[in-house]
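A.B. asks: The structure that follows is given in the form of structure tokens.
The values are calculated or read from the model by the stated rules, or taken from the named source; none is laboratory data. These numbers come from a predicted model, not from an experiment. Ideal geometry is used to build each Cβ from the backbone, glycine not excepted, and the neighbour counts take in all protein chains shown. The protein model used for the area step is the full one, side chains on, heavy atoms only, and it has no ligands, DNA or RNA in it. Shrake-Rupley method; radii C 1.70, N 1.55, O 1.52, S 1.80 Å.
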Amino acid sequence: MNGPAHRPGRVVAKNAAKKVHEYFTRHWQQIRETSRKTPASVASAEAIETVIDAAFRVSIRREEGYIPRLSFAILAPEDAVHPLVFEEALPLTPGRLARVSPAVARSRLHVAVWHLGDELYAWGIVRSIPLSCCVIEVVAPGLLVVKHGPSEQSRKCVNVAVLEGDQIKVVDDRASAIAGCPPLVSSVLGCDSTLRLDSVDVLQELAVSMRAHGHGGTLLVVPGDSDLWRESIVHPMPYAVRPRFSTLAALAQELGERRGRQWEADFSDAVEVIAGLTAVDGATVITDQYELIAFGAKIAPRNGHLRVEQVTVTEPIEDGVSVIVHPTRLGGTRHFSAVQFVNEQRNAIALVASQDGRFTVFSWSPSEPTVHAHRIEALLL
């Protein structure tokens with residue numbers, strides 16, 4: 001397991017570690033200036049490289065026929081809250097780590113790693129992680145995601161980089177500065193938003209759940225105080241809902257008042273219900289207050305409106321470039337219909353999940369002016 005097959009992984013680890021370390025150093029300073037909480041100690045580039053390499057090696061093993069799924073938190077023992085501490089720390093060898101993976105693959109647990117003397121060891125298991133803690137998650141063979149712990153304004157870890165084989169995608173958090181950037185995109189980038197926490201969190205959770213079910217789907221988010229969007233939909237809608245299904249909306253409003261295991265369970269169930277409906281052929285329609293209006297709806301151009309001929313596409317990664325393409329270059333009918341809908345209904349946004357894992361947020365950009373397609377699958381892993 002130490003032969004030439006692993007040299008590409010080590011090269012990726014070294015190249016990625018430098019960029020990730022620079023990100024965490026910058027992020028640590030921002031937290032020190034803006035938060036009353038103490039961030040985690042910044043891991044060295046060497047430590048990040050070592051853990052990335054160990055995670056890469058684990059990802060291509062099999063443990064009793066299963067692909068190991070686990071995440072590593074580079075965390076000093078003194079920074080941990082209620083950790084499970086191993087009597088004897090584990091070396092970062094693929095076999096030992098793979099055997100631990102069934103214990104941490106569920107329940108959002110992390111294998112905690114830190115220096116013991118001159119070497120890095122896995123010293124325990126933690127559930128909660130402090131601000132700016134570096135997390136490296138094994139998603140699939142050869143596919144790793146580097147994240148940091150959630151901020152005070154978010155429930156979700158923020159992706160920093162995606163490593164797939166010899167490819168490195170480092171997330172560019174400055175992408176939120178693009179004029180007209182949707183709050184959902186700013187949120188998953190870990191940037192502040194002018195919208196309420198509950199608003200951002202609901203769309204994040206819906207996006208993650210839509211991508212996870214693997215069937216592909218479209219979610220249209222329309223203004224709750226207007227019916228103009230109906231002009232871009234074929235009527236009658238086969239699965240209209242009356243009265244509007246408001247369970248998710250009610251839970252979102254309770255976010256700042258009722259928070260606990262029962263709320264979390266109810267919220268997750270409601271998100272899965274809405275996201276699951278997007279697997280039905282057609283579009284699911286909700287209001288900007290998260291009330292379900294319909295699913296399986298067919299999008300059609302309004303009378304007198306021309307078909308869209310171009311769309312701006314960006315992905316929020318370093319060295320990413322903005323390109324203008326014909327909507328058919330983005331995918332099939334689902335993507336083309338979403339572009340057409342947002343072009344006509346400029347106060348709406350469309351979330352589109354592909355069966356292959358791609359995820360795109362479509363919004364109107366008045367500064368360009370055109371429909372802007374934000375590719376964000378790297379932020380949802």
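A.B. asks: Report the residue, chosen from E137, E254, E64, that carries the largest GNM mean-square fluctuation when the chain is represented by alpha-carbon nodes joined by springs under 10 Å.
C.D. replies: E64
A.B. asks: If you don't mind, another one. Please list, ordered by chain and number, the residues whose modelled amide H lies under 5 Å from the amide H of Y239; skip anything fewer than 5 residues away on the same chain.
C.D. replies: F295
A.B. asks: Compute, for K169, the solvent-accessible surface of its heavy atoms (probe 1.4 Å) with the complete set of protein chains present, and express it in square angstrom to the nearest 10.
C.D. replies: 60 Å²
A.B. asks: Quick check: convex hull of the Cα atoms in the chain, volume per residue, rounded to a whole Å³? Working shown, then result.
C.D. replies: Numbers: hull volume 57.6 nm³, N = 381.
Dividing the Cα hull volume of the chain by its residue count gives 151 Å³.
A.B. asks: Across segment 205-220, in residue order, what do the Karplus-derived ³J(HN,Hα) couplings come to in whole Hz, using 6.51 cos²θ - 1.76 cosθ + 1.60 with θ = phi - 60° and x for Gly and Pro?
C.D. replies: The phi angles translate into 5, 5, 4, 4, 5, 4, 5, 6, 6, x, 8, x, x, 10, 10, 9 Hz.
A.B. asks: Share of antiparallel DSSP beta bridges in the chain, in percent to the nearest 5? It would help to have the intermediate numbers written out before the result.
C.D. replies: Values: 58 of 69 bridges.
In the chain, approximately 85 percent of DSSP beta bridges are antiparallel ones.
A.B. asks: For segment 35-185, what is the convex hull volume of its Cα atoms per residue in Å³? Don't jump to the answer; show the numbers that get you there.
C.D. replies: Numbers: hull volume 19.8 nm³, N = 151.
Dividing the Cα hull volume of segment 35-185 by its residues yields 131 Å³.
A.B. asks: Using a probe of 1.4 angstrom, how much of the accessible area of the chain is carbon and sulfur, in percent?
C.D. replies: Values: 9070 of 18310 Å².
Summing carbon and sulfur atoms, their accessible area is 50 percent of the total for the chain.
A.B. asks: Counting pairs of alpha carbon atoms under 8 Å apart in space and at least six apart in sequence, what relative contact order in percent does the chain give?
C.D. replies: 14 percent
A.B. asks: I'd like the Karplus ³J(HN,Hα) series for segment 27-33: coefficients 6.51, -1.76, 1.60, θ = phi - 60°, whole numbers in Hz, and an x wherever there's a Gly or Pro.
C.D. replies: 5, 4, 5, 4, 5, 4, 8
A.B. asks: Rolling a 1.4 Å sphere over the protein heavy atoms, what is the accessible area per residue of the chain, to the nearest Å²?
C.D. replies: Values: 18310 Å² over 381 residues.
Per-residue accessible area for the chain comes out at 48 Å².
A.B. asks: Hey, another quick one. Using Cα-Cα distances under 8 Å and only pairs 6 or more residues apart, what relative contact order does segment 30-96 have, in percent? Intermediate values should be presented prior to the final figure.
C.D. replies: Numbers: 34 pairs, mean separation 22.6, N = 67.
Relative contact order here is 34 percent.
A.B. asks: Then there is this: For segment 212-335, how big is the tail of P(r) above 21 Å, as a whole percent of Cα pairs?
C.D. replies: Numbers: 4015 of 7626 pairs.
Tail of the P(r) past 21 Å holds 53 percent of the pairs.
A.B. asks: Quick one: ranking H305, H27 by accessible area, 1.4 Å probe, largest first, what do you get? Mind dumping the intermediate values first?
C.D. replies: Details: H305 80, H27 30 Å².
In descending accessible area the options line up as H305, H27.
A.B. asks: How much length is gained on full extension from D225 to S268, taking 0.36 nm per residue of separation minus their Cα-Cα distance? Before the final figure, lay out the partial values.
C.D. replies: On the way: separation 43, 0.36 × 43 = 15.48 nm, distance 2.62 nm.
Full extension from D225 to S268 adds 12.9 nm.
A.B. asks: To the nearest 0.05, how large is the calculated FRET efficiency for E318 and S35 if R₀ is 30 Å and r is the Cβ-Cβ distance?
C.D. replies: Between E318 and S35 the formula returns 0.75.
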